[in-house]
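The values are calculated or read from the model by the stated rules, or taken from the named source; none is laboratory data. Source: prediction; values computed, not measured. Every residue, glycine as well, gets a Cβ built from its backbone with ideal geometry; the counts of neighbours run over all protein chains shown. Side chains included, ligands, DNA and RNA excluded: accessible areas come from the protein's heavy atoms. Shrake-Rupley method; radii C 1.70, N 1.55, O 1.52, S 1.80 Å.
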Amino acid sequence: MEVTSEQLSTAFIETLYMVTWSLLFACLIGIPLGVLLVVTRKGHILQNTLIFNILNPIINILRSVPFIILLVALIPVTRFIVDSSIGVKAAIVPLVFYAGPYIARLVENSLLEVDQGIIEAAQAMGANAWQIIWRFMLPEGLSSLVLTLTTATIGLVGATAMAGVVGAGGIGNLAITYGYQRYDNITMLVTVIILVVIVQSVQSLGNFVSRKIRRR
């Protein structure tokens, strides 16, 4: 049985659904963690060796676990949160655990690029730690942060395709169910093209927004 345009459309929408919600929740976790990694490191505005030495290895450990292993290992957690271990909604849980630490590390790298002189100038003006973070660090690193989120989004697109192996839905599930298991090369080609188009669109949009911010 050939894949219909309706199935392709549904799979595309499922992929966008997973990427959108996973990115949202991962940002709510990853951005604050990334900021904490920067401001609590030695010599920064909220230096705290204890917090930094706890967060840093935890993020490294989570980032080192391959997504497919994380997907399987978190099945009990996923079942507890969404009452299911398969399907689109179930895939969001491991996707968040996968993307959150990844975004945290990318945010950390982006904010470390902010000129230390700007932070020192803010301190000289009497700004407190929250004001330095919100009004100086984040605005100065915004262009790089946009590219960071672009990279994270592309990573999530790839992860959703991998989640299809365990029946999570989306383009990946379509490729496995119809393309691989039924030896349908046309379906495999179409799903690959769709994923390439999504990735290229996300990257182009991220580059465009980043350039606009830099020119301000």
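Here is how the numbers come out for the structure above:
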quantity	calculated
In the stretch 1-48, the residues that are charged (D, E, K, R), closer than 25 Å to residue 156 by Cβ and open to solvent by 70 Å² or more (accessible area, probe 1.4 Å)	6
Test: residue 165 is within 30 Å of residue 72 (Cβ to Cβ), at pLDDT 85 or above and open to solvent by 40 Å² or more (accessible area, probe 1.4 Å)	no
Within the stretch 80-105, tally of residues that are more than 16 Å from residue 19 (Cβ to Cβ), open to solvent by less than 50 Å² (accessible area, probe 1.4 Å) and part of a helix (DSSP H, G or I)	3
For residue 35: the one exception among (1) touching a Phe, Trp or Tyr at 6+ places or on another chain (Cβ under 8 Å); (2) over 27 Å from residue 162 (Cα atoms)	(1)
Total residues in the stretch 54-71, condition open to solvent by 70 Å² or more (accessible area, probe 1.4 Å) and at pLDDT below 85	0
Residue list for the stretch 106-138, filter: open to solvent by 40 Å² or more (accessible area, probe 1.4 Å), more than 28 Å from residue 62 (Cα to Cα) and free of Cβ contacts under 8 Å to residues at least 60 places away in the same chain	115, 116, 118, 120, 121, 124, 125, 126, 128, 131, 135, 136
Test for residue 51: is it within 19 Å of the chain's Cα centre (by Cα), part of a helix (DSSP H, G or I) and surrounded by fewer than 20 Cβ atoms within 10 Å (Cβ to Cβ)	no
Meets criteria (in a helix (DSSP H, G or I), modelled with pLDDT of 90 or more and within 22 Å of the chain's Cα centre (by Cα)) for residue 25	yes
